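Student: Here you go, one structure.
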Amino acid sequence: MRLGLAGYGVGGRWFHAPYIQAVEAIELAGVVTRDPGRKKLVAEELPGVPVVDSLSELIDLGVDAVTLTTPPETRRELVLEAVGRGVHVIADKPFAPDAAAGRELVDAAARAGVLLSVFQNRRWDSDLLTVQGVLPELGEIWRVESRFDLDELGTLEAGPSGGLLRDLGAHLVDQVLTLFGPAARVSAHLDWVDQAEGRTDCGFIVSVWHRNGVHSTVSASKINHVAARQWRVYGSAGSYISDGTDTQTRLILDGVRPADDPATWGYELPERLGTLSTAEGSRTVPSAQGRYQDFYARFAAAVDDGAPQPVPASEAVATIEVLDAARRSDADGVTVQL
């Protein structure tokens, strides 16, 4: 599969290109960036990969699919442009500003007969996959807490189309929906700051009552000078507690790449493993392997062989519906039924 990458900022450089390069079934056919500094980075880090100034030029290179990792306010128009030219699309989250716009894009891709997947790569996080593995040992799941605090003031996407809820919140909500199924109702509190681009949410706690009876809470912050990644899972047979790290991002920023040694990639640090506690006692749980590259491997198989998409956009719409409900809950002080 020939894949073009639109954008070479933090997302394109750190969260897409290394994982695209780790999949043998994909040829990185070109990169869109107009910034001279980023063009230089592409030349240094992706030697031989063409650099162009627009999505139209990228498609003209002859690609099967494109990844859109441009600022949130640009994604709707770029998705429509790509599907309008018959190209399969991977869109960064949030792939639409609200659920109605998301459904519009799902319908547009269906009419064009192309795939539209959303890069919910954190379904392939080590900690989430480890939680998924211990759930059968916990009996009936009652309550789950997922906390992800980042000390990254400079990376907060500001203004009406930004905010931490749409950014990191899209991942955390998608994770609990993946584990426990659709939401029945939602309540939320958001923290707000005034920035030059407009009022922006910089932290949140969202409560989700799932249709199957599980209650989950997801929370995050970005400007409070604290960094933590925690899971608390409580069930009728015991609990699972972990205080881990953002493993794959840590490796990327340390200069390691998933293609360097695929067998050792993406495991939690030994000293940060979680603990499962039941009537039989407590034990440390081995880390599952985190592999964001599996998203790309599955997308390539969907394009080339007709296999299922890794994250169909229709599933991402369900996540956006929860985010929309969380914003309404915060604004109106109500619990929102879905």
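Student: Given a 1.4 angstrom probe, I'd like the percentage of the accessible area of segment 150-276 that is carbon and sulfur, rounded to a whole number.
Tutor: Answer for segment 150-276 is 52 percent, counting heavy atoms of protein chains only.
Student: Another one. Among Phe180, Gly113, Val63, whose Cα lies farthest out toward the positive end of the dipole of the chain, if unit charges sit on the beta carbon of Lys, Arg (+1) and Asp, Glu (-1)?
Tutor: About the Cα centre, the residue reaching furthest to the positive side is Phe180.
Student: Still on this structure, please answer the following. Mind ordering 318-324, 25-31 by average Cβ neighbours within 10 Å, highest first?
Tutor: Highest to lowest by the protection proxy: 318-324, 25-31.
Student: About its Cα centre, what dipole magnitude does the chain give when the only charges are +1 on Lys and Arg Cβ and -1 on Asp and Glu Cβ, stated in debye to the nearest 20?
Tutor: 360
Student: How do the peptides 121-130, 268-277, 179-188 rank, highest first, by the average count of neighbouring beta carbon atoms within 10 Å per residue?
Tutor: 121-130, 179-188, 268-277
Student: Please compute the per residue accessible area over the chain with all protein chains in place, 1.4 Å probe, rounded to a whole number of Å².
Tutor: Per residue, the chain has an accessible area of 42 Å².
Student: Sort 8-17, 304-313 by packing, meaning the average of other beta carbons within 10 Å per residue, with the highest value first.
Tutor: 8-17, 304-313
Student: To continue, here is another question. May I ask you to list the aspartates and glutamates whose Cα is less than 12 Å away from that of Lys222, ignoring any residue fewer than eight positions away on the same chain?
Tutor: The qualifying aspartates and glutamates are Asp149, Asp151, Glu152, Glu157, Asp167, Asp191, Asp201.
Student: Note down the nm distance, to one decimal, between modelled labels 7 Å out along Cα→Cβ at Glu45 and at Arg250.
Tutor: 2.1
Student: Can you tell me the alpha carbon radius of gyration of the chain divided by the globular rule-of-thumb value 2.2 N^0.38 Å?
Tutor: Rounded to two decimals, the normalised Rg is 0.98.
Student: Another one. Would you compute, from DSSP H runs of 4+ residues alone, the mean residue ellipticity of the chain at 222 nm, taking -39500 (n - 2.57) per run and dividing by the full residue count, rounded to the nearest 500?
Tutor: Only helices count here, giving -10000 deg cm²/dmol.
Student: Also, quick follow-up: Could you give me the percent of Cα pairs per 10 Å distance bin for segment 214-310, shortest bin first, beginning at zero and ending with the bin that holds the maximum distance?
Tutor: 12, 30, 34, 21, 3
Student: Taking the alpha-carbon centroid of each part, what is the distance from segment 121-182 to segment 306-323 in angstrom?
Tutor: Between the Cα centres of segment 121-182 and segment 306-323 lies a distance of 15 Å.
Student: Of the heavy-atom accessible surface of segment 2-119 (probe 1.4 angstrom), what whole percent is carbon and sulfur?
Tutor: Ligands and nucleic acids excluded, carbon and sulfur give 50 percent.
Student: Hey, with R₀ at 41 Å, roughly what FRET efficiency would Arg283 and Asp98 work out to, going by the Cβ-Cβ distance, to 0.05?
Tutor: It comes out at approximately 0.40.
Student: Using a Förster distance of 45 Å, how high is the FRET efficiency between Ala110 and Ala158, based on the Cβ-Cβ distance and rounded to 0.05?
Tutor: 0.85
The values are calculated or read from the model by the stated rules, or taken from the named source; none is laboratory data. All values derive from a computational prediction rather than experimental measurement. Note that we place each Cβ from the backbone using ideal geometry, even for glycine, and neighbour counts take in every protein chain shown. In case anyone asks, the SASA skips ligands and DNA or RNA and just uses the protein heavy atoms, side chains included. Shrake-Rupley method; radii C 1.70, N 1.55, O 1.52, S 1.80 Å.
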